[in-house]
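Every read-out reported here was derived from the displayed coordinates using simple, explicitly stated rules and does not represent laboratory data. Small disclaimer: the values here were computed from a predicted structure and weren't measured. We place every Cβ from the backbone using ideal geometry, glycine too, and count neighbours over all the protein chains shown.
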Amino acid sequence: EPIELLYIGCMHLERNLMPFCQAVVNANVEQMKFHFVMVGEGNQFDELREYALAHPESLTVLPAVPQNELVAFMAKAQVGVLPFPDELKFRVSSAIKLFEYLGAGLVIAATRISAHEYVIGDGQFVFWAEGSGSEHFRACLDSIWQQKLQLTAMSANALKASHLWTWEAAARKI
């Protein structure tokens, strides 16, 4: 079975999904087994869908679905993907997608940007991409593949970490 990767959200060029897709396809060419599902819409949707149609064993692109249907996608996935580049708009934005992935118990594959690092810290549930290029994502995927037997334990760590970011936890800190 392939390792199931998931991205839910805007499929805009600046979200950096194509380099991650290319890394998945390249990893699979070298006998790894990943399947990356992207759900959403945006200015790069058609380009990503065409690329996915050329690589159906590696990629699936689906249009946006209602919020209550996203749970089913997250239940099938093992790793939530956050491939954003290190740009100001991503450094200061809220990591809502990250919280959703953690709440679903997904292991995280993320670029090392401040918005991600602030939440994740030294969490034992993340695979870092040290940059936002395809080669960085490929190294991240290599690490995931090498530690595939630890994904279940890492998932439990992600779910525990999500409890640190609830409204109740914030109120306790205050």
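For the reader, a short list of remarks on this structure follows.
- Taking 7 Å steps out from each Cα toward its Cβ at residue 170 and residue 86 produces label points 2.8 nm apart.
- Contour minus Cα-Cα distance for residue 130 and residue 26 (0.36 nm per residue): 35.6 nm
- Scanning residues 5 or more positions from residue 61 or on other chains, those with amide H under 5 Å from its amide H are 38, with H placed 1.01 Å from N in the peptide plane.
- Shape call, region 91-159: gyration tensor on alpha carbons, a/c limit 1.5: oblate
- Which label in (i) 51, 35, 31; (ii) 63, 35, 27; (iii) 62, 39, 22 gives the computed Cα extents along the principal axes in Å: (i)
- Charge tally for residue 165 (other residues, Cβ to Cβ under 15 Å; Lys, Arg +1; Asp, Glu -1): +1.
- Approximate spin-label separation residue 71-residue 46, in nm, with each point projected 7 Å along Cα-to-Cβ: 3.6
- Taking amide H atoms as placed 1.01 Å from N in the peptide plane, the amide H of residue 126 lies under 5 Å from those of 108, each 5 or more residues away in sequence or on another chain.
- Net charge over other residues, Cβ less than 13 angstrom from the Cβ of residue 129 (K, R count +1; D, E count -1): -3
- Candidates 127, 2, 53 compared by Cα position along the dipole of the chain: farthest toward the positive end lies 127, with charges placed on Cβ.
- Of the residues 35, 104, 73, the one whose Cα sits farthest towards the positive end of the charge dipole of the chain is 104 (charges of +1 on Lys and Arg Cβ, -1 on Asp and Glu Cβ, taken about the Cα centre).
- Working note: Karplus 6.51/-1.76/1.60 with θ = phi - 60° gives region 69-77 the couplings 8, 5, 4, 5, 5, 5, 5, 7, 8 Hz, where Gly and Pro are set to x.
- Formal net charge of residues neighbouring residue 2 (Cβ-Cβ distance under 13 Å; K, R +1; D, E -1): 0
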